[in-house]
Amino acid sequence: MDLRVAEEYALAHTTEDSDIIKELIAVSEEDLEFTDMLSGRQVGRLLAILIKLSGAHRVLELGTFTGYSALTMAEALPRDGELFTCEYNKRYENIARTFFEKSEHGSKITLCMGKALETIPTIDGEFDFVFLDADKINYPSYYEMIQPRLTLGGIMVIDNVLWGGEVLEPSTDKAKAIDRLSKQIHRDKSVEQVMLTVRDGITVVRKKVKA
């Protein structure tokens with residue numbers, strides 16, 4: 001079976017994005033040279049379904065980019081839900097804020113600009129759901145900082161865990177950091193996890209007991 005054809009078939013049978021998210025994608029592709037940091041519809045739908053199934057009300061995202069995944073998750077949250085999304089690159093801020101303001105779900109979103117390792121401690125409370133898709137070098141540090149603040153039964157989704165297959169024989173700093181995180185999660189007895197070969201790899205973690 002041709003994996004590319006299978007991926008196209010899977011995408012064709014995945015729920016479409018909302019109109020405003022389609023517009024966000026179009027603007028991102030028009031204004032930016034590279035848009036491969038967009039999570040993509042399969043990841044977006046997975047995030048939305050997991051939020052709905054888990055009953056999450058409070059979400060933390062690391063790595064906003066132009067706001068695709070944040071807006072997708074905000075659409076899935078209940079009316080009283082809230083989402084904090086952290087971004088460092090000011091180049092993406094204008095697109096994200098524009099679409100957050102345009103969306104009826106934008107009021108649920110707080111965009112936190114700055115280095116995430118410095119921003120996270122300024123956000124109070126625990127989180128029911130976390131989406132980690134920021135700079136790969138700091139993946140292990142993000143996990144150490146966030147995992148204790150994940151509610152019991154809470155879910156953390158980590159993107160790009162296969163890193164184009166480089167994690168199989170990691171030689172670059174990013175691949176080594178991602179591989180270190182996967183081993184770190186596997187050793188963590190307070191969680192259960194599954195790694196999925198969706199797009200560039202996704203790990204879904206569920207908190208079982210207090211860290």
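The values are calculated or read from the model by the stated rules, or taken from the named source; none is laboratory data. Since the structure is predicted, the reported quantities are computational estimates derived from the model, not experimental observations. Here Cβ is always computed from backbone atoms with ideal geometry, including for glycine, and neighbour counts include all displayed protein chains.
A compact table of results
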{"item": "From E101, E126, E144, residue being touching a strand residue (DSSP E or B) at 6+ places or on another chain (Cβ under 8 Å) and either free of Cβ contacts under 8 Å to residues at least 12 places away in the same chain or of a type in the set (D, E) (or both)", "result": "E126"}
{"item": "Subset of the stretch 198-211 [in a loop (DSSP other than H, G, I, E, B) and under 17 Å from D133 (Cβ atoms)]", "result": "V198, R199, D200, G201"}
{"item": "Enumeration of residues in the stretch 126-144 that are assigned to a strand (DSSP E or B) and over 12 Å from the mean Cα position of the chain (by Cα)", "result": "F127, D128"}
{"item": "Close pairs (6 angstrom Cβ cut-off, 6 or more residues apart or separate chains): on the phi < 0 side of the Ramachandran plot and of a type in the set (D, E) in the stretch 50-78, surrounded by fewer than 24 Cβ atoms within 10 Å (Cβ to Cβ) and assigned to a loop (DSSP other than H, G, I, E, B) anywhere", "result": "E75/H105"}
{"item": "Some residue of the stretch 162-174 being at pLDDT 95 or above, within 23 Å of R58 (Cα to Cα) and crowded, with 19+ Cβ neighbours inside 10 Å", "result": "no"}
{"item": "Residue match in the stretch 18-34 (condition: of a type in the set (V, I, T) and under 26 Å from E118 (Cα atoms))", "result": "no"}
{"item": "Residue that is surrounded by the fewest Cβ atoms within 10 Å (Cβ to Cβ), among those in the stretch 103-125 that are part of a helix (DSSP H, G or I) and hydroxyl-bearing (S, T, Y)", "result": "T122"}
{"item": "Subset of the stretch 147-177 [on the phi > 0 side of the Ramachandran plot and free of Cβ contacts under 8 Å to residues at least 24 places away in the same chain]", "result": "G165"}
{"item": "Residue in the stretch 39-47 that is within 25 Å of N138 (Cβ to Cβ), part of a loop (DSSP other than H, G, I, E, B) and modelled with pLDDT under 95 present", "result": "yes"}
{"item": "Flag for A70 being surrounded by 21 or more Cβ atoms within 10 Å (Cβ to Cβ) and within 12 Å of the chain's Cα centre (by Cα)", "result": "yes"}
{"item": "Residue match in the stretch 50-57 (condition: touching a strand residue (DSSP E or B) at 6+ places or on another chain (Cβ under 6 Å), of a type in the set (G, A, S), within 22 Å of M156 (Cβ to Cβ) and modelled with pLDDT of 95 or more)", "result": "yes"}
{"item": "Count of residues meeting criterion [among the hydroxyl-bearing types (S, T, Y) and part of a helix (DSSP H, G or I)] in the stretch 60-102", "result": "5"}
